[in-house]
Structure formats: C-alpha cells, structure tokens
1. Are there any pairs, at least 6 apart or on different chains, whose C-beta atoms fall under 7 Å, with the first in the stretch 164-189 and without any contact (Cβ under 8 Å) to a residue 24 or more places away in the chain and under 15 Å from GLY105 (Cα atoms) and the second aromatic (Phe, Trp, Tyr) and part of a helix (DSSP H, G or I), and if so, which?
2. Check SER84 against each of (1) within 25 Å of ARG239 (Cβ to Cβ); (2) surrounded by fewer than 19 Cβ atoms within 10 Å (Cβ to Cβ); (3) of a type in the set (Ser, Thr, Tyr); (4) out of contact with any Lys or Arg (no Cβ under 6 Å at 6 or more places or on another chain) and name the one condition it does not meet.
3. Go through the stretch 98-126 and report how many residues are buried (at least 17 other Cβ atoms within 10 Å of the Cβ) and over 14 Å from ASP150 (Cα atoms).
4. Looking at (1) of a type in the set (A, V, I, L, M); (2) open to solvent by less than 50 Å² (accessible area, probe 1.4 Å); (3) within 26 Å of PHE74 (Cβ to Cβ), find the lone condition where LEU151 falls short.
5. Quick test for you: out of GLY335, GLY407, GLY339, pick the one residue that is at positive phi and either of a type in the set (Val, Ile, Thr) or at pLDDT 85 or above (or both).
6. Scan the stretch 175-213 residue by residue and report those that are within 23 Å of ARG249 (Cβ to Cβ), in a loop (DSSP other than H, G, I, E, B) and under 21 Å from the mean Cα position of the chain (by Cα).
7. Please find, among ARG255, ARG225, ARG216, ARG249, the residue that is in a loop (DSSP other than H, G, I, E, B), modelled with pLDDT under 90 and farther than 25 Å from ALA100 by Cα.
8. Kindly provide the set of residues from the stretch 18-58 that are open to solvent by less than 20 Å² (accessible area, probe 1.4 Å) and aromatic (Phe, Trp, Tyr), ordered by number.
Amino acid sequence: MTELADRPAADDLSDQPWRDIPREEADWIRPHLPALGDAMVEGVLRHVPEYARLEDPVYVEVVRKTIARGMEHFVRLIADPDASWKELHQLYFDIGYGEAVEGRGLEHFQNALRVASRTAWRYLAREADRLKKHRDLAIRLTEANFAYLDLLASAAAQGYARAREKAAGEREQRRARLLGLLLSDPPAPRDVLVEQAALAGWPLPERIAVIVLDTRPGHGGEGPRGLPPALLSGLDRGRTCLVVPDPDRPGGIDRLTAPLRDWTGAAGPSVPLEQAGVSLHWAHRTLDLAPDCPKARGGGLLHADRHLPELLLQEGRTLAEAAARRRLAPLADAGPHRGARLARTLLECLKHGFNATDAADALRVHPQTVRYRMAQLHEMFDFDIEDPELRLELMLLLPVWLLDADGERP
C-alpha cells in the first residue's frame, strides 16, 4: 500500500493537486473507467433533465464519449502530470461554444459537470476504501477531482464567451432566433416567420435548402469564413447548419464552393420554406453517408438528391418526392396528361432496356409511338436519359413523380 502520509504536506492548496497523488495509483483506477463512465452517464441523465434525451441515442452517445474522454485524461494526469491538455481543452471549449450558439446558458452544463464529478468522487472513494488505500488518498483524489472540474468548466466558459462575442449584436441574435424558428418541429407559423425575418433584416424566400457541415477539430466550433451574408448559420445536433435562400436560382448552392472548399458537408433538397425541417433532415442523413462516400473524402459537399438509392433504402419517400419534382421538371412543364404519358413511356423503356417493341407491348401502343415519345423525351431533358449511371435513379423517381402527379400508381 502506498504510504501517502510520508509525503510532505503543502502549506497552500496546489493548483495541480493530481501531482500530489502517487503515479502508481493510476494503475488501479484505470480498469474501472468503463464502469465509472457508465455510472457518471447514468447520474447525469437521471439528475439533469436537459441532458436526458433518451429518445436520441446519438446525443446520449456524445454525452458518454465526452465523459469517457474526460475521465481518461484525469487518470492520465495522475500517471503523467505533464500530459497535454490541448485536446481536452478544445473539446470542452467546443461544448461551451455550442451551448452559446444554440441559445442556452451554461447552467445545465455546469450542473452536469457537478453531478458527474460527485459520482466519480463517490465511486473512487468507495473503491479506495475497499482496497484499503491510505485515508489521505481519498482526500487527495477529492482535491484533484474538484480542481480538474474547475479547469473543464473554465474551458467551456471560454468557448461560451467566444461564441457570445461572435454573436454579439441584436441583429445576429434575431437571425439566430429566426433560424431556430425555421428549423423547429413543428414549423413556426408563417406570420411568426414573417415578423422575425423583418426584425432580422432577412428577406423571406419562398424556397430554401439546408446545409450541414461536419465539425472540424481545432476550429472551436466556428463555421467556415467568407459565407454570403444572405445565409443563416448556427448549430444543429453539434453540426454547423446553413440555411440557403433561393437555392434554385442560377449559381444556387454552387456559389458556396469557395468558402466550403475544405469542409465536408451535405445539402438537403430545395423545399418550400415551411418544409425546412425536411431539408435539414435529409442533409443530416446524407452527411451520415460521408464516411463511406468517396466523393466526400478530403472535403466536399454531398447533395441529398444525388444519393437517392442509399438514402431511400434507409428512409421514406419525402426526399424522392422533392428530387422527382426537380429532376423531372420538364415532364410537369409538358402538362399533366402528356407528361404522364411520357413518364410511363420512359419508365417502361428503362425496364425493358430501351427496347421499343417490348416497351410498346407493355404500354399497348405501337412501337413507332414509343420511338416518337422517346425522341420528345431526349429533347426535353438536358441530360442523357439513356445514361446507364442514371437508370436506377430515374427508375426510382418516375413512379414517385407519377404518384405525385396524378395519384395513380403506374
């Protein structure tokens, strides 16, 4: 058993009390980290209702990983008091920054830190007693625990202050509120949006698209620089979130190529203003595909309506409907009856490998009619409708478009 009583007592409280704990004490603490982490997470979820989002497993996992990294660093400091603080400071700096950007105070976060710290102290004190450690060890662990808590809280406060400085100004606060109203579920009433948009000096568009960006270590939670002032920006689920007005106009989202060059992100479909939540949802889902998508390696912007097969295998029809209206817009321009005839013709040609005779049999028309309609279709679209790489996408979109257009399942 390590004899702590023989160590010289300091007249003043140390600002790094983990240095007063023998390094070998880290050896018996380290195997307890998984169980200790579980106990701390359970305590936070039970005693801090604002963090008890059990319906959101991703959020709970973020809380778990944050606590685990904090405790791992605490034990590392005991084993090596000179271990670097850089990574952990940045983590808690970003947490404080995110709390401010999302419009919350630090009270709930500080309460969660206190609960986690008390849980850790009780757990370690009981274990030290069970192992018959010297009674002074519990005192030193307590001092180290509280000092460590203060440093984490200080890092979060610095991040919070940085975010508040950046968001200073009444107009920026109103823009943040407007973003929250746009993305709320259920969506805010239109008259409320009109009023808040006027206060924020943001012309309310008819259509928007939402972009979400992956977090970047070392950026303190800050988003990209050089964004057009017409964009609304904030955080959603820990990711930078951008609302792009009028994304279908010339240039559209492509005008963001330069400021987003080094970022990995995803753009949701263009939707009416009141469906902003739909675009946000699909932007998040598309960004979840990024680790497995070659186009996202090294940075880049993924477009939800260009990854339909993957996304439709995961979720429902809302994205397909938005993409079909955009991709197959020339069919709508042709009128309801003519557009439906052309859509069914193209769908049967896709199914039959563009064999006019087989497609005609399925449609119960003359093969020459199929050839005539295909010639019209080639003229209507600005892409090759027989491109093999587009075949799956068109076969997915055409039935959705037909169902949306006339309510009849082809």
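The values are calculated or read from the model by the stated rules, or taken from the named source; none is laboratory data. Keep in mind that this is a model prediction, so the values were computed, not measured. Glycine gets a Cβ as well: all are built from the backbone with ideal geometry, and neighbour counts include every protein chain shown. Ligands, DNA and RNA are excluded from the accessible area calculation, which covers all protein heavy atoms including side chains. Shrake-Rupley method; radii C 1.70, N 1.55, O 1.52, S 1.80 Å.
1. If the second residue must be aromatic (Phe, Trp, Tyr) and part of a helix (DSSP H, G or I), no pairs are left.
2. Among (1) within 25 Å of ARG239 (Cβ to Cβ); (2) surrounded by fewer than 19 Cβ atoms within 10 Å (Cβ to Cβ); (3) of a type in the set (Ser, Thr, Tyr); (4) out of contact with any Lys or Arg (no Cβ under 6 Å at 6 or more places or on another chain), SER84 violates only (1).
3. 10
4. Condition (2) is where LEU151 drops out.
5. GLY335
6. If the condition is that a residue be within 23 Å of ARG249 (Cβ to Cβ), in a loop (DSSP other than H, G, I, E, B) and under 21 Å from the mean Cα position of the chain (by Cα), then LEU183, PRO187 are the ones that fit.
7. ARG249
8. Residue satisfying the conditions is TRP18 alone.
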